[in-house]
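Contents: one structure, followed by commentary.
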Amino acid sequence: MNAKTVLLLALALLAGACGKPPAADTASAAAGKPGADAGAKTLNVYNWSDYIAENTIPDFEKQTGIKVTYDVFDSNEVLEAKLMAGATGYDIVVPSLNFLGRQIKAGVFLPLDKSKLPNYKNLDPKLMAIIAQLDPGNQYGIPYMWGTVGIGYNVNKVKALLGDKAPVDSWALVFDPANAAKLKSCGLTMLDSPTDILSAALKYQGADPNTRDAATIQKAADLVMKVRPYITYFHSSQYINDLANGDVCVSVGWSGDVFQARNRAREAKNGVELAYSIPKEGAQMWFDMMAIPKDAKHVDNALAFLNYLMEPKVIADDSNFIAYANANAAATQYVDPAVRDNPAIYPPPAVMDKLFLLQVLPPDLDRVYNRAWTAIKTGR
Ligand code: N2P
């Protein structure tokens, strides 16, 4: 083959590729907006990273013939910016409940047509009642997974640096500057999420994590600012691998992510022993909610996918893989005992009593949070 033939072949291949719909695993958002193919047997999903079992999408595609484009994010703020700008191109998005509540008010979602969701009956009515506080009548959102914000830590490294009495069951482990300073050498990370981190700092300070008082929020920000010099990074997904590899030793993170890190370390047999604690002062419980944007192009496909994800075995397999609790009462029997009986994933009532839900932030306080966060991240 001479150079000219190679070039022509390459051009032909390129032309062919451009004419095709996006492949299931391409980050189509990077190439433009997904969802240009209205009416087709396609579905564009935007979900959190590290948040689905390997077989969930391929099985759905096989069952239905619907091709799924699956993009990921790791920040409610990033998702919200897209939703508020409109025309995301997505048919399903997954904001956390406190963000969903605000987005419902902004009118960005379609009410769910429950006549097309026969599996809706499988959802846990107790959890749906909690969710209804922010999604009145459960009109817009289907819970995907729920979990907590807590502390993932490397058992041996923390013991080596802070001794046997290291306060691993307290926010003091990361918010007391004396402890944070000692952890600096082995790597301390926090979620890049103003509401998740500042609400934990508020709780540690004995304040209401849903306080509407800007000065109280500022005090929590001041505390994070004090430990900032000891923080390796603020990031909401990198810590899974870094904890697993032993590159960092303490992360304020999300329950299932820490257990995924623990699973990876165990598979690698690298001697890294990880644990997750829900601090005794109290911690946030969150729900991630699947919803359909108003301008979704493939609404029936989106409903079919939501219904599929409410099949007990499907969502149980998902929980088993990602180590997060689902909200499907009929699925519990299929969840591995190792996940179901883990009190940090499915907390017992005594721990549940210490968990708080974040409410919708009014716009003026949203600005307080975001300004404080920018200051924390830039160190000014
Ligand atoms: C998935 C984390 C989702 C939890 N990696 C936060 N909503």
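I need the calculated FRET efficiency for the pair D300 and T211, taking r as the beta carbon distance and R₀ as 35 Å, to the nearest 0.05. Provide the component values of the computation, followed by the final result.
Details: r = 43 Å, r/R0 = 1.22.
In this case the efficiency is close to 0.25.
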Checklist entry - Separation between the Q333 and A81 pseudo-spin-labels, each 7 Å from Cα along Cα→Cβ, expressed in nm? => result 4.6 nm
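If the only charges are +1 at each Lys and Arg Cβ and -1 at each Asp and Glu Cβ, what is the size of the charge dipole of the chain around the Cα centre, to the nearest 20 debye?
Values: 37 positive and 39 negative charges, 117 e Å.
Using Cβ point charges on Lys, Arg, Asp and Glu, the chain gives about 560 debye.
If r is the Cβ-Cβ distance from N370 to A350 and R0 is 41 Å, what FRET efficiency results, to the nearest 0.05?
Numbers: r = 35 Å, r/R0 = 0.85.
The formula returns an efficiency of 0.70 here.
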Checklist entry - In whole Å, how far is the Cα centre of the stretch 53-96 from that of the stretch 339-366? => result 24 Å
Item to check | Nitroxide proxy distance, nm - points 7 Å out along Cα→Cβ at K226 and S49 | outcome: 3.2 nm
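Shape call for the stretch 265-310 from the C-alpha gyration tensor, a ≥ b ≥ c root eigenvalues: rounded (a/c under 1.5), prolate (a/b greater than b/c) or oblate?
Numbers: a/c = 4.20, a/b = 1.91, b/c = 2.21.
Oblate.
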Checklist entry - Any idea what angle helix 255-268 forms with the longest principal axis of the chain, computed on alpha-carbon atoms, 0 to 90 degrees, nearest 10? => result 80 degrees
Next on the checklist: At a threshold of 8 angstrom on Cα-Cα distance, excluding pairs fewer than six apart, so keeping six or more, what relative contact order does the chain reach in percent?
Outcome noted: 24 percent
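Any read-out appearing in this document is the output of simple, stated calculations on the displayed coordinates, not a laboratory observation. Source: prediction; values computed, not measured. Heads up, the Cβs are rebuilt from the backbone with ideal geometry, glycines too, and the neighbour counts pull from every protein chain shown.
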